[in-house]
Structures are given as structure tokens and as C-alpha cells.
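Let me begin by presenting the structure, written as C-alpha cells, before commenting on it.
The values are calculated or read from the model by the stated rules, or taken from the named source; none is laboratory data. Note that the structure is predicted; figures quoted are calculated from it, not measured. Quick reminder, even Gly has a Cβ in these numbers, built from the backbone with ideal geometry, and neighbours come from all protein chains shown. Only protein heavy atoms, including side chains, enter the accessible area calculation; ligands, DNA and RNA are left aside. Shrake-Rupley method; radii C 1.70, N 1.55, O 1.52, S 1.80 Å.
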Amino acid sequence: MIKTATIIEVGTDENAVCLFDTVTVFIEEDNCEETYRIVTTMRAEVFDNRISCESPAGKALLGHKVGDRVLIQVNDNYSYYVLIKKIVKGKDDDSLELR
């Protein structure tokens, strides 16, 4: 794991989605809202709405702002749009367990 480790920048833009932020999105095709926390791969837990910054949704949301319509490309055959409704800034406070 150490050989392949990469440094992930947390981000400092107070208006954009960064690592450890909690994001509420409106999923257009399902006509519903979901809330996710963007975390590192080692802290991801889909059943607790913590998604990895390396997942399709995590990658797509990073750097975007409230009001942005974002395309989440799951694979070559499936993608969907979400609208960012709310961002709650977070930080790595070691409260999230590692997998």
C-alpha cells in the first residue's frame, strides 16, 4: 500500500466541494436528494453515505459549487446528472474509522 500511496490535497476553496465535506445533491433521474461525505478510500463506507474521493461520484463532485449541475460517469454505458444543493465543510478529525 505504501508503494502506491499518493498524496491527496484536501482543498481550501470555501465554496467548492473538497475532501471531508458533506454534500447534498439532487439526483435528477430519481427525483430525490441524497447526502454524501467525501472521504479517502480507506474511510469510505457506502452504507454510512461516505463515498471515496476516487469513486465516480466523489471524483465528479470535487471542486464543484452549490448550484452546479454535475455529470457522474459511472462507466461507458451509464451516467447521470446531479445538482449540488448544499455543502457543509468538513475536516479530517480522525473520527472516521479506517477500513
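For the range 64-99, the candidate set comprises residues that are modelled with pLDDT under 95 and small (Gly, Ala, Ser); within that set, the residue that is nearest to the chain's Cα centre (by Cα) is Gly90. For the range 1-17, a residue qualifies if it is under 13 Å from Ile84 (Cα atoms) and either modelled with pLDDT under 95 or part of a helix (DSSP H, G or I) (or both), and exactly one does: Asn15.
Reported count of residues in the range 63-87, each being of a type in the set (Ser, Thr, Tyr) and in contact (Cβ under 8 Å) with a residue 12 or more places away in the chain, is 2. Filter the range 25-34 for residues that are more than 11 Å from the chain's Cα centre (by Cα) and not acidic (Asp, Glu); which is surrounded by the fewest Cβ atoms within 10 Å (Cβ to Cβ)? Going through the qualifying residues, I end up with Asn31.
Just checking, does the range 20-38 include any residue being out of contact with any Asp or Glu (no Cβ under 7 Å at 6 or more places or on another chain) and modelled with pLDDT under 95? The answer is no; no qualifying residue exists. Could you grab me the full set of residues in the range 35-49 that are open to solvent by less than 30 Å² (accessible area, probe 1.4 Å) and of a type in the set (Lys, Arg)? Matches in the range 35-49: Arg43 only. Taking each residue of the range 47-62 that is over 18 Å from Ala16 (Cβ atoms) and looking for partners that are aromatic (Phe, Trp, Tyr) and crowded, with 18+ Cβ neighbours inside 10 Å with beta-carbon atoms closer than 7 Å, six or more apart or interchain, yields Asn49/Tyr36. Please count how many residues of the range 52-99 are surrounded by 12 or more Cβ atoms within 10 Å (Cβ to Cβ), under 13 Å from Val25 (Cα atoms), in contact with a Lys or Arg (Cβ under 9 Å, 6 or more places away or on another chain) and not hydroxyl-bearing (Ser, Thr, Tyr). Number satisfying all stated conditions: 6.
Just a yes or no: is a residue in the range 27-43 without any contact (Cβ under 8 Å) to a residue 12 or more places away in the chain and basic (Lys, Arg)? No - not one qualifying residue is present in the range 27-43.
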